[in-house]
Structure formats: C-alpha cells, structure tokens
Amino acid sequence: MNRKLRMGMVGGGKDAFIGSIHRLAANMDGLIEVVAGALSINPEIAKESGKMLFLQEDRIYTTFEEMIEKESKLPADRRIDFVTIVTPNFAHFAPAMLALEKGFHVVIEKPIAFTLDEAQQLKKKVKETGLLLLLTHTYSGYPMVRQARTMVKEGVFGKIRKVYVEYPQGWLSKMSEREGNAQAAWRTDPKKSGKAGAMGDIGTHAAHLAEFITGLKITHLCADLNAMVPGRALDDDGNVLLKFDNGAAGVLMASQVAAGEENALKIRIYGENGGLEWAQQEPNTLLVKWLDKPTQILRAGTNGFVGAEAAFNARTPAGHPEGYLEAFANLYRNFALALSARIDGTKAPELVDFPSVEDGIRGMAFIDNVVKSGQSNEKWTPFEI
C-alpha cells in the first residue's frame, strides 16, 4: 500500500465517549485516516463534529445511510475503505449490514448487535461478501494477554482445569441514568442495550477474554443475575459458573455496582503444572505461577523475554507503560495490515489477528444463555448458538 486506508465513522461525535478512543487508536500507526463521518443522529452535532475533525464539508453526513450510499458512488481512489461503527448496541446492525452490502469492510463496537439473530445475519453477510470485520474486544490487544495465550497454546501449564475471570466496576452504584448520565441511560435501557445490562456490557468482555486466552469454548453455564439498584430495568451485577469443552471449570463475575472499583478486569487460569494471572489495571505484568518453583514475573516490552506474538503487539522498550489506547491500536493495526494485504493481493504477516464476527456470535450467545440461565431454576444451561 502506498497510501493510508480511508475510514468512515458512524457515531462518535463530540458528545460521545468511545468515538475519540477509536480515532486515536486508528491514527496511532499512521495507517488509517478518517475522511468521512455520520457522527451523530443530531444533524447539528454531526456537522459540528465533522468540522472539528476537519473533514471535507461534502463528506460530513447527517445519516449513516447517506454516508454509505454516497461513498459507495465515489471513485475507487476517493471512497472509504471501511466503516467504523461506534453507536449504542441497538444501532449496530443496520449500518453494519448496509456497509457490507455496499462492499465496505467493517469495524464495530461490542457486542456486535442487539440480538443473536442480527449477529447471525451479519455472519452470513460477511461469509457471502468475503469482507473483513473487526470486533473491538480491546483487551485481546494487550501484549501480555497475547503472551498468556501463547503459553497456554504451547501447553506449558498442561491441561487447563480452572478459570477465574472478574470484571468489577462501580460507576452504576447509583441511579445515574436518571441523573443526566447519557452513558448510563442507554446502557440500562432494554430498548437500547438489549436483554442484558452489566453482562452484555462487560460480562461479554470477561467471557471473550477467558475463551481467547485458553482457546477453550464455554459449553454450559449457571448464572445468577441481579439488579442491585432499586428500579433498574437490567442487571447491574452477576455471577456465572462455567464449564468448558475440555472439562475445565470456571467462575465469571461482572458487576457495575462494586462501589469504588474502576475497570478491575482480572483473569486467573490454572493447569496441571501451573497457572497465570493478568490484571487490566496493571497490564504490562503477567504473573506465571508454578507447582514446583517460585512465581515468575513477566513484563511487556521489546526486550526479548516474551514470545513472538507478545513482541509483535508491544510498542515500547520494557519499562515504558503501554495501556488501553495501545491495546486498542493493536487491533486497528492488525486489521489495517490484513486489509492492506487484501487490497494489494498479498498475504498479511503471520502474527496478524483480531476478533471477528465469530467472536461476535459467541458474545451474543453468551448474553442469551446467561439471561436464560438467570431466569431458570435449572442448575446448568447448555450453551446454545
């Protein structure tokens, strides 16, 4: 490629949170530029936001339909290469499907859609078109998460037996959705968030991380969901027992009423010979625990002490912190490398990989099955897709 990839964004205007994160991540490696946007459902905010990003006036759109339709008619050397969708859950499917139908690759926030049926339709369309889809499960982009996955894959711990993954937050400990907090308002509204609250928002991250690192699939679960804040329409807390396809057992906790917590995602995995521990708030460190010798501390960085996959996703010398933005950027970079290779008719580097529509399917299935189990008196619910 002798040019940057051209990105069009749906959502993410000046009044949004995650849009700027996506733009920073996409820009970090100099491989992508934002050239078009339908940045808000409010036409005035959409126009103002586009001007703030210095988009050309004729590429500031007020609806995603207008953007995708008009961009698809531009010459190949001008139109966008892919669409990034950063809207609330209920507004994922329509722009993603239209983008795929018009021949554009897609980047989309998680969960991938509002329902499992929508996710299945997107999978069918991706398969039909052969286009790329990146699902931004951010935590899979951290170097030490990749190191953990490599060590499990190489069998250094033996057969995996136990998985603990927890994601406590405290920001919904009060009825913030009735106090002008826009992020709280849509995440706690079943019409916008879907059938799950905390489990859809952060429980899906925890489940994805468990499957991503271990390479295992959840086969059964037993869920307890709670709305701890009186009057809240969706769960803000939950606990899930898990069974994996190799016989391993797991425990998943996701809560947004853990007062005082920020984003304390943490995972522990144990096999026959040892285990590992990784925490999102200290992401450069991976603890490796052994049955017959002291705990090791592995650190991210380009110092030769980590495997090839971790090194490929590390950006700075050891001791220089890398965090959420860099992990996010790793997903965008890997997507960009894959897409550039596709356009050039070449092969992407071997270590390029990112969450896809398949991860989106499993995320929506996790939501469905957790809610089903939470409403059931049965101890175990088969994980169905």
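Rule-based calculations on the coordinates, nothing more; no lab input. In this text, all values refer to a predicted model and were calculated from it rather than measured experimentally. With ideal geometry, Cβ positions are generated from the backbone for all residues, glycine too; neighbour counts draw on all protein chains shown.
Below is a table of values for the structure above.
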| read-out | value |
| --- | --- |
| Within the stretch 293-369, GluC sites (Glu not before Pro) in DSSP loop having at most 11 other beta-carbon neighbours inside 10 Å | GLU350 |
| For the stretch 2-13, Karplus couplings with θ = phi - 60° (6.51, -1.76, 1.60), whole Hz, Gly/Pro x | 10, 8, 7, 6, 9, 10, x, 10, 10, x, x, x |
| Relative contact order, percent, the chain [alpha-carbon distance under 8 Å, six or more residues apart] | 19 |
| The stretch 262-364 shape via C-alpha gyration tensor axes, a/c threshold 1.5 | prolate |
| Candidate lysines for bridging to LYS162, where Cα separation is under 29 Å - those fewer than 8 sequence places away on the same chain excluded | LYS110, LYS153, LYS195, LYS217, LYS243, LYS266, LYS289, LYS293, LYS372, LYS379 |
| J(HN,Hα) series, the stretch 335-341, from Karplus relation 6.51 cos²θ - 1.76 cosθ + 1.60, nearest Hz, glycine and proline x | 4, 5, 5, 5, 5, 4, 4 |
| Spherically averaged projected area in nm², based on the convex hull that wraps the Cα atoms of the stretch 257-321 | 6.0 |
| Amide H partners (placed H, <5 Å) of THR316, local residues excluded | THR302 |
| Between the stretch 48-69 and the stretch 309-385, the alpha-carbon center distance in angstrom | 29 |
| Cut-off under 5 Å, modelled amide H: who pairs with TRP290 long-range | GLY275, THR295, GLN296 |
| Amide hydrogen neighbours beyond the local backbone of PHE82, cut-off 5 Å, H modeled | ARG6, GLY8 |
| Expected-Rg normalisation [2.2 N^0.38 Å, Cα atoms] applied to the stretch 1-79 | 1.04 |
| Tensor-based shape of the stretch 107-246 (alpha-carbon gyration tensor, a/c under 1.5 rounded, otherwise prolate or oblate) | oblate |
| Extension gain, LYS192 back to THR295 (0.36 nm per residue minus Cα-Cα distance, nm) | 32.6 nm |
| Residue among ASN313, ASN89, ASN273 with the largest mean-square fluctuation in a Gaussian network model of the chain, springs linking Cα atoms under 10 Å | ASN273 |
| Where chymotrypsin sites (Phe, Trp or Tyr not before Pro) in DSSP loops with at most 12 other Cβ within 10 Å are excluded, longest remaining stretch of the chain | 55-385 |
| Over the chain - Rg/Rh using Cα atoms and the Kirkwood inverse-distance radius | 0.96 |
